[in-house]
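Please read the structure below before turning to the comments.
The values are calculated or read from the model by the stated rules, or taken from the named source; none is laboratory data. This one's a predicted model, so the numbers in the text were calculated from it and none came from an experiment. All Cβ positions, even for glycine, are placed from backbone atoms using ideal geometry, and neighbour counts span all protein chains on display. Note: areas computed on protein heavy atoms with side chains; ligands, DNA, RNA excluded. Shrake-Rupley method; radii C 1.70, N 1.55, O 1.52, S 1.80 Å.
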Amino acid sequence: MLLNRCSERLKADVTKLPAASIINHQYDFPYLSISFLMTKCRMAVIQLLKKLIPAQKGFSLVQLIVFVLVGTGLQAQSTLKGKVVDAITHEPLESAVVRDLRSAATSLTDRDGKFVLDHAGPSDSLQISFIGYTSKTIKAGSTPVICTLDKGQFDLKEVIITNHSNNLTTSHTLTSIDLNLQPVKSAQDLLRLVPGLFIAQHQGGGKAEQIFLRGFDADHGTDVNVSVDGMPVNMVSHAHGQGYADLHFLIPEIVSGYDFGKGPYYTDKGDLNTAGYVAYHTVNMLDKDMVKIEGGQFNTGRIVSAINLLGDHAKNNGQSAYIVGEALYSDGGPFDLPEHFTRYNLFGKYYAHLGDNNKLSISLSTLSSGWRSSGEIPSRALAEGYIHDRYGVIDSSEGGYTSRTNANIQLRTRLNNNTSWDNQVFYSHYYFNLITNFTFFYYYPTTGDEFRQHEIRDLAGYSSKLTRQSSIGNTSFTSVLGAGLRLDHITPSELDHTENGHFLEHLQYGKTQQLNTDLFLDETVRTGNWLFNMGVRADYFHFYYLNMATDTFATYIYNGISPYAEKAIISPKLSAEYTFNPSFQLYIKAGKGFHSNDARVVIANQGFEILPAAWGADLGMNWKPIPRLFINTALWYLYLAQEFTFGQDLIDQPGGPIQPSGKTRRIGMDISGRYQLTDWLFASLNLNLAQPRFIDSTAGHNYLPLAPTFTSTAALDVTFKKSWNGSISYRYLHDRAANSTYTLNALGYCVTDLAINYTQPKYQLGLSVENLLNVKWNESQFEYVSRLQYETAPVDDVSFTPGVPFFAKLKMTVFF
């Protein structure tokens with residue numbers, strides 16, 4: 001009744017006004033100004049309340065009610081705008097916290113370093129903080145405010161919990177802390193920075209690592225989406241395994257930051273984002289030139305050099321160009337057969353501001369890597385003396401060579417103060433050749449089971465994203481419309497039977513082409529303490545596989561069937577978070593994701609289970625119980641329509657394809673804590689529990705082989721300003737089932753690492769030690785039915801690759 005009377009009074013007032021007074025308003029509504037409507041509504045409510053409630057002495061009850069109910073939200077607002085940048089490079093700092101000390105209002109900077117504070121004025125004092133930088137308090141003054149921050153020590157007291165994030169992840173806080181504190185020694189260490197993510201190397205240093213996350217043995221990337229500067233790392237329909245993600249072309253010294261998210265909740269992430277995603281970003285501008293030399297045990301040596309190609313004048317004008325080179329050699333450990341692992345990387349990047357509204361980034365990179373490997377050793381071969389120690393070899397021909405050349409162009413355009421448009425084009429040329437022997441004399445008792453996986457690939461893609469920010473009153477909206485395509489052309493894609501590295505016959509040989517187009521819409525609404533995110537994504541796939549092999553198992557599989565298949569999938573997402581105060585926040589996430597199947601399997605199965613879906617949900621919290629302690633916890637669930645387990649689903653093994661593994665479900669809990677004990681001492685702890693199970697199998701036969709059930713990492717980090725810093729850390733992986741009945745056990749391990757650095761403006765000296773306590777551990781383990789040359793029958797056994805023993809390296813870096 002009150003609202004009806006308010007509406008009638010408002011209509012009566014509006015009809016008395018000239019048309020000119022209710023058009024040309026700031027919110028672009030076609031007829032009525034929002035600020036005018038708010039004012040008139042407020043006046044109407046006051047008049048009605050005056051009639052209903054008698055006035056009181058001194059201060060009327062009407063004034064009190066109006067102030068509480070509508071006064072705060074409808075009064076005229078003052079807005080303060082500004083930008084936060086790095087003091088040296090003048091690069092914008094995204095997600096810096098800006099706080100008005102008078103009103104306690106907070107804002108986070110966007111990708112351009114810009115922020116907006118409501119109810120703030122030029123006389124207010126602003127506190128600005130960013131992890132890894134020295135905080136600063138400034139007087140706002142005239143708008144826009146420009147603030148420069150210097151790199152330095154940070155204090156967890158300054159980290160606050162807000163609902164300004166548009167991606168509903170807690171990764172920014174965790175990644176910023178970890179990347180600043182924990183010394184990174186390699187691209188593999190970048191993956192290990194993700195809480196709960198474990199990796200294993202099992203075919204020499206040049207092969208992509210095996211990835212474990214959230215109860216997944218994700219093989220080499222089947223269920224983890226990996227990207228660098230928006231360019232996909234994962235290779236679909238790969239000769240060795242679906243989603244193969246070789247990150248070795250990324251030089252760790254040029255990584256400026258990374259994001260991660262667990263679960264299938266992110267609209268801009270598509271194929272392979274079921275367990276989660278990891279996205280790395282390279283620096284746009286180098287702080288300084290440098291040369292780094294490393295040397296250590298097992299004939300290990302590495303040199304890295306980063307050189308600016310443009311001077312300070314160009315940097316002041318928003319331009320930068322640099323080049324980074326890396327060369328590495330290592331025997332990999334005390335193996336009887338040294339790995340002779342070599343890797344060469346070259347990376348160049350040009351970055352420029354084109355006028356006031358455009359930012360252009362062009363990067364080129366190339367990788368070349370070769371190695372030998374001792375492969376996986378059956379446990380019985382060591383126990384029965386077939387090899388004299390755990391670093392022995394059975395097939396000395398195993399090893400590989402790979403190369404990848406990338407071109408990546410990104411253009412960001414600010415169309416107006418509220419709208420930006422991102423466009424990206426990328427291209428990769430890729431070569432892969434791997435010789436492996438898992439089963440020895442099981443399939444071919446005379447010549448042996450050695451085989452080669454080989455492919456040559458051209459990958460090209462384009463993505464576009466339009467982002468608009470708007471607000472109505474105290475409610476803000478971030479709308480994102482995106483689209484993209486990716487084309488993989490693979491010729492040849494082959495699996496060959498070899499002996500001592502020499503070709504014998506094709507097992508599988510063909511031509512693959514896979515197209516993926518996508519369209520997504522994402523809306524984030526922030527109002528008061530609430531933040532809501534709603535999104536929907538559509539993906540379309542077109543698969544083509546032409547079999548060119550004769551007289552093999554592949555010939556009979558593909559004979560007479562169409563080489564084409566297609567499929568589309570819709571993936572909805574819905575998340576929400578509520579921030580009680582700057583110290584406590586609850587969130588819930590739900591969504592659907594998927595991983596694509598290998599094109600060879602898609603065609604062989606004539607479209608069955610082309611895009612297995614994943615449905616997940618998270619319930620979590622971010623909490624600062626005391627100023628220098630940050631805790632993130634999440635309870636989670638994930639259902640997967642079809643599980644991929646190593647060697648069972650893809651046509652990449654000598655034995656040929658086996659039936660898909662079936663539906664699975666996982667439940668678990670993630671706990672991450674970061675605690676600053678003193679100004680210079682930090683502690684971190686990650687605990688990750690999971691219960692992965694097959695749904696369609698009976699109890700006792702429903703274990704997921706190699707899926708982790710409990711992992712933990714922890715570290716103590718020491719950092720003194722402009723001098724010493726270091727870290728001692730452990731990573732723990734619990735025992736887990738090696739087969740579906742848990743009659744075979746994959747042994748867990750606990751490995752401790754140490755890093756110490758002494759840094760001065762012109763140089764840095766460092767020591768790193770892997771496996772400080774020199775424990776014996778198995779880095780990777782698999783169940784294989786194999787047969788050694790002396791055996792009369794095959795044996796179902798666990799094969800392993802030994803982990804590196806105590807491994808010390810020294811490094812020296814010169815800055816200039």
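Some notes on this structure:
Yes/no matrix, rows are residues, columns are (1) surrounded by fewer than 15 Cβ atoms within 10 Å (Cβ to Cβ); (2) under 30 Å from R600 (Cβ atoms); (3) free of Cβ contacts under 8 Å to residues at least 60 places away in the same chain:
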| site | (1), (2), (3) |
| --- | --- |
| K465 | no, no, no |
| L487 | no, yes, yes |
| N500 | yes, yes, no |
| F520 | no, yes, no |
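- Test: residue in the stretch 765-786 that is within 30 Å of T134 (Cβ to Cβ) and open to solvent by 70 Å² or more (accessible area, probe 1.4 Å): yes
- Taking the conditions (1) open to solvent by 60 Å² or more (accessible area, probe 1.4 Å); (2) in contact with a His (Cβ under 7 Å, 6 or more places away or on another chain) in turn, Y790 satisfies each one other than (2).
- Every residue from the stretch 99-123 that is within 11 Å of L80 (Cα to Cα) and open to solvent by less than 10 Å² (accessible area, probe 1.4 Å): D100, S107, F115, L117, A120
- Residue check, L733 buried (at least 19 other Cβ atoms within 10 Å of the Cβ) and within 20 Å of F198 (Cβ to Cβ): yes
- If you go through the stretch 144-159 and keep only what is among the polar types (S, T, N, Q) and modelled with pLDDT under 80, you end up with just Q153.
- Considering the stretch 533-564, the residues that are assigned to a strand (DSSP E or B) and among the hydrophobic types (A, V, I, L, M, F, W, C) include one that is surrounded by the most Cβ atoms within 10 Å (Cβ to Cβ), namely F543.
- Evaluation of V795 against (1) closer than 23 Å to G196 by Cβ; (2) open to solvent by 30 Å² or more (accessible area, probe 1.4 Å); (3) in contact with a helix residue (DSSP H, G or I) (Cβ under 8 Å, 6 or more places away or on another chain) (one fails), failing number: (1)
- Some residue of the stretch 368-386 being buried (at least 17 other Cβ atoms within 10 Å of the Cβ) and of a type in the set (V, I, T): yes
- Meets criteria (crowded, with 19+ Cβ neighbours inside 10 Å and in contact with a Gly (Cβ under 7 Å, 6 or more places away or on another chain)) for R457: no
- Residues of the stretch 617-628 that are surrounded by 16 or more Cβ atoms within 10 Å (Cβ to Cβ) and out of contact with any Gly (no Cβ under 6 Å at 6 or more places or on another chain): A617, G620, M621, N622, W623, K624, R628.
- Residue under evaluation I603, criteria (1) in contact with a Phe, Trp or Tyr (Cβ under 8 Å, 6 or more places away or on another chain); (2) at pLDDT 95 or above; (3) under 25 Å from N234 (Cα atoms); (4) of a type in the set (A, V, I, L, M), criterion not met: (2)
- In the stretch 544-566, the residues that are at pLDDT 90 or above reach residues that are assigned to a helix (DSSP H, G or I) and aromatic (F, W, Y) with C-beta atoms within less than 9 angstrom, at least six apart or across chains, in these pairs: Y545/Y558; L546/Y558; N547/Y558.
- Hits in the stretch 206-242 (condition: among the acidic types (D, E), open to solvent by 10 Å² or more (accessible area, probe 1.4 Å) and part of a loop (DSSP other than H, G, I, E, B)): D219, D229
- Scanning the stretch 582-614 for residues that are surrounded by fewer than 18 Cβ atoms within 10 Å (Cβ to Cβ) and either of a type in the set (S, T, Y) or touching a residue at least 12 places away in the same chain (Cβ under 8 Å) (or both) returns P582, S583, F584, L586, I588, Q606, G607, E609.
- Scan of the stretch 669-708 for residues that are assigned to a strand (DSSP E or B), in contact with a Phe, Trp or Tyr (Cβ under 6 Å, 6 or more places away or on another chain) and open to solvent by 50 Å² or more (accessible area, probe 1.4 Å), ordered by number: L689, Y703
- For the stretch 387-406, a residue qualifies if it is of a type in the set (A, V, I, L, M) and open to solvent by less than 30 Å² (accessible area, probe 1.4 Å), and exactly one does: I387.
- Test: residue in the stretch 73-84 that is open to solvent by 10 Å² or more (accessible area, probe 1.4 Å), at pLDDT below 80, out of contact with any Lys or Arg (no Cβ under 8 Å at 6 or more places or on another chain) and β-branched (V, I, T): yes
- Scanning the stretch 423-434 for residues that are open to solvent by 20 Å² or more (accessible area, probe 1.4 Å) and either of a type outside the set (S, T, N, Q) or outside any strand (DSSP E or B) (or both) yields V425, Y427, H429, Y431.
- For the stretch 466-506, filtered to residues that are touching a strand residue (DSSP E or B) at 6+ places or on another chain (Cβ under 7 Å) and outside any strand (DSSP E or B), the residue that is nearest to H240 (Cα to Cα) is G501.
- Filtered residue count, the stretch 267-305, keeping only those that are among the charged types (D, E, K, R) and open to solvent by 30 Å² or more (accessible area, probe 1.4 Å): 4
- I651 fulfils the conditions (1) in a strand (DSSP E or B); (2) of a type in the set (V, I, T); (3) at pLDDT below 95; (4) in contact with a helix residue (DSSP H, G or I) (Cβ under 8 Å, 6 or more places away or on another chain) except for a single criterion, (1).
- Of residues in the stretch 654-676 being polar (S, T, N, Q) and at pLDDT 55 or above, the one nearest to N632 (Cα to Cα): S672
- Every pair of residues 6+ apart whose Cβ atoms lie under 7 Å, when the first sits in the stretch 756-778 and is free of Cβ contacts under 8 Å to residues at least 12 places away in the same chain and among the acidic types (D, E) while the second is open to solvent by less than 50 Å² (accessible area, probe 1.4 Å) and part of a strand (DSSP E or B): none
- Residue within the stretch 379-402 that is of a type in the set (G, A, S) and assigned to a strand (DSSP E or B) present: yes
- Among the strands (runs of 3 or more DSSP E) confined to the stretch 709-816, the ones with at least 3 residues that are more than 30 Å from W636 (Cα to Cα) are located at 724-733, 749-760, 763-770, 778-786, 795-802, 807-815.
- Test result for Y509, modelled with pLDDT of 95 or more and part of a strand (DSSP E or B): no
- Every test in (1) within 20 Å of the chain's Cα centre (by Cα); (2) at pLDDT below 95; (3) of a type in the set (S, T, N, Q); (4) crowded, with 19+ Cβ neighbours inside 10 Å is passed by Q203 save one, and that test is (1).
- Residue match in the stretch 129-145 (condition: outside any strand (DSSP E or B), in contact (Cβ under 8 Å) with a residue 60 or more places away in the chain and open to solvent by less than 40 Å² (accessible area, probe 1.4 Å)): yes
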